[in-house]
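Reviewing the structure listed below.
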């Protein structure tokens with residue numbers, strides 16, 4: 001593999017549901033080490049693309065390549081083991097465990113011993129050190145002993161990011177990471193994503209255009225299942241088709257927070 005080769009590539013992905021075409025000929029190329037945003041109005045097909053990439057749906061036609069390998073026909077678990085991990089679509093944490101315990105479980109799962117709850121003390125201590133380092137990465141080190149159920153919403157999303165990072169993904173798929181957050185939490189999570197992107201690739205679906213414009217290297221815009229534009233924020237926000245898709249005669253719809 002050449003470092004310049006895309007980490008993920010899709011060729012003419014199509015997904016039909018009983019005659020309705022949800023994804024129509026989508027070809028993506030994700031540059032290794034980049035933050036790539038997938039945006040578009042509701043019903044554009046973004047979530048269906050995510051479901052195709054993580055193998056929760058099989059494409060009607062088209063192909064998916066990860067690190068040059070055809071993974072189109074793989075099962076979700078196989079694809080996850082390759083290092084494609086999706087976060088944020090649902091709360092993926094245990095509410096009545098502490099913040100530290102949640103990250104430790106994610107680390108144990110990656111080591112393949114998640115059901116061995118009795119561990120030699122020194123191995124648990126090693127996991128604790130790793131877990132605390134991950135919590136520090138997302139600004140949760142002071143919440144280590146807090147029960148997860150007691151965390152504010154924004155901090156809970158930060159914990160989800162830490163548990164995702166614990167699986168050491170090569171490609172992280174973030175599904176609306178700032179949805180439902182106040183301004184302060186949006187800023188905090190945006191900075192965490194920027195930090196998480198070091199040494200890995202991120203594909204994100206996000207409605208908050210201020211987030212997209214501040215961290216995305218490349219933006220792919222979808223409408224009615226098809227890609228209508230791709231490029232930098234400056235390029236796509238000036239594209240007449242994109243402006244029309246967001247139902248404005250100017251790019252004000254792309255400038256707003258949501």
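Taken together, the values in this text are just the output of simple stated rules run on the coordinates, not laboratory data. Worth saying up front: this structure is predicted, and the values here are computed from it rather than measured. Every residue, glycine among them, receives a Cβ derived from its backbone with ideal geometry; neighbour counts consider all protein chains shown.
Using a 7 Å offset from Cα along Cα-Cβ at residue 226, what residues in region 58-74 end up with backbone N under 20 Å from the label point?
The answer is 60-63, whose backbone nitrogens lie closer than 20 Å to the label point.
Starting from 0.36 nm per residue, how many nanometres of slack lie between residue 3 and residue 20 once their C-alpha separation is accounted for?
2.3 nm
Taking 0.36 nm per residue of sequence separation and subtracting the Cα-Cα distance, how much length would be gained by fully extending the chain between residue 80 and residue 191, in nm to one decimal?
Separation in residues times 0.36 nm, less the Cα-Cα distance, equals 37.5 nm.
Which residues in region 135-164 place their backbone N less than 17 Å from a point set 7 Å from the Cα of residue 96 along the Cα-to-Cβ direction?
What the label zone holds, given the 17 Å backbone N cut-off, is 146-151.
Quick one: helix 153-166 against the long Cα principal axis of the chain, what's the angle to the nearest 10°, folded into 0 to 90?
The two axes meet at around 80 degrees.
Roughly how large, in nm² to one decimal, is the mean projection of the convex hull of the alpha-carbon atoms in region 151-201?
Averaged projected area of region 151-201's Cα convex hull equals 3.3 nm².
May I ask you to sort 15, 31, 46 by Cβ crowding, counting other Cβ atoms within 10 Å and putting the fewest first?
The fewest-first ordering by Cβ neighbours comes to 31, 15, 46.
Can you give me the angle between helix 183-196 and the longest principal axis of the chain, using Cα atoms only, in degrees from 0 to 90, rounded to the nearest 10?
Taking the Cα atoms of the chain, the angle to 183-196 is about 80 degrees.
Go ahead and run the numbers for FRET between residue 129 and residue 234, Cβ-Cβ distance against an R0 of 41 Å, rounding to 0.05.
On the way: r = 43 Å, r/R0 = 1.05.
Once rounded, the FRET efficiency stands at 0.45.
Over the chain, what is the relative contact order in whole percent, taking alpha-carbon pairs under 8 Å and six or more residues apart?
26 percent
Which FRET efficiency, nearest 0.05, do residue 145 and residue 58 yield, Cβ-Cβ r, R0 51 Å?
That pair, residue 145 with residue 58, gives E of 0.75.
Could you give the angle, 0 to 90 degrees to the nearest 10, between helix 121-137's Cα long axis and the longest principal axis of the Cα atoms of the chain?
Roughly 40 degrees between the two axes.
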